[in-house]
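Please read the structure below before turning to the comments.
The values are calculated or read from the model by the stated rules, or taken from the named source; none is laboratory data. Everything numeric in this text was worked out from a predicted model, so none of it was measured. Neighbour counts are summed over all protein chains in view; Cβ atoms, including those assigned to glycine, are modelled from backbone coordinates with ideal geometry. For accessibility, only protein heavy atoms count, side chains too; no ligands or nucleic acids. Shrake-Rupley method; radii C 1.70, N 1.55, O 1.52, S 1.80 Å.
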Amino acid sequence: MTECIFCQIVEGSAPCHRVQEDELTLAFMDIFPLAPGHVLVIPKEHAENLFEIEEVSLLAVTRMTQRVAHALRAELEPDGIMMMQLNGAAAGQTVFHHHAHLIPRDEGSALAFHPRVRGGDAELTSLAHRIGKSLG
Ligand code: 5GP
Ligand code: ZN
């Protein structure tokens with residue numbers, strides 16, 4: 001079995017709170033959300049980061065990221081949405097399977113990366129459904 005946790009999620013051998021998927025990408029809730037509605041968008045094909053990902057997968061991830069951003073805005077109405085993508089340990093990357101973060105932000109809320117608390121399953125499931133439903 002692959003040691004990559006995101007490949008395990010794609011294969012279904014590890015769980016996730018799925019938001020949406022298409023042929024090349026999967027969107028799911030971050031298990032340690034920086035804010036309610038924190039979604040990750042990944043390519044189904046393993047690639048470490050921006051330097052390795054195939055162009056076709058990168059374009060598909062970008063398309064899905066924009067779709068999820070629209071759904072987050074429609075459903076959660078944050079003041080803004082931060083999109084973040086880290087490349088290499090020195091840049092803060094901790095999971096070495098390419099992913100784009102979408103993090104809803106509200107005016108005045110502090111940008112706190114630590115400490116992070118695991119999201120509750122009921123809340124993550126509910127948010128995944130709401131955002132997924134909004135995507136259609
Ligand atoms: P990075 O720091 O590599 O950009 O972000 C990795 C992200 O993946 C973190 O925000 C972390 O909370 C999230 N993460 C790590 N393991 C899992 C997991 O097993 N499931 C989910 N849904 N998210 C994970
Ligand atoms: Zn992987």
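Take the conditions (1) surrounded by fewer than 17 Cβ atoms within 10 Å (Cβ to Cβ); (2) part of a loop (DSSP other than H, G, I, E, B); residue 96 misses just one of them, which is (1). Checking the structure you have, find out if any residue of the range 28-37 is at pLDDT 95 or above, acidic (Asp, Glu) and open to solvent by 20 Å² or more (accessible area, probe 1.4 Å). No, the range 28-37 contains no residue that is at pLDDT 95 or above, acidic (Asp, Glu) and open to solvent by 20 Å² or more (accessible area, probe 1.4 Å).
Regarding residue 80, is this residue surrounded by fewer than 17 Cβ atoms within 10 Å (Cβ to Cβ), within 18 Å of residue 134 (Cβ to Cβ) and either away from ligand 1 (no atom under 13 Å from the Cβ) or touching a residue at least 40 places away in the same chain (Cβ under 8 Å) (or both)? The answer is yes for residue 80. The residues listed here are 48, 55, 75; of these, the one that is away from ligand 1 (no atom under 16 Å from the Cβ), open to solvent by 20 Å² or more (accessible area, probe 1.4 Å) and closer than 25 Å to residue 2 by Cα is 55. Every condition in (1) closer than 20 Å to residue 135 by Cα; (2) open to solvent by less than 50 Å² (accessible area, probe 1.4 Å); (3) not in a strand (DSSP E or B) is met by residue 70 except one, and the failing one is (2).
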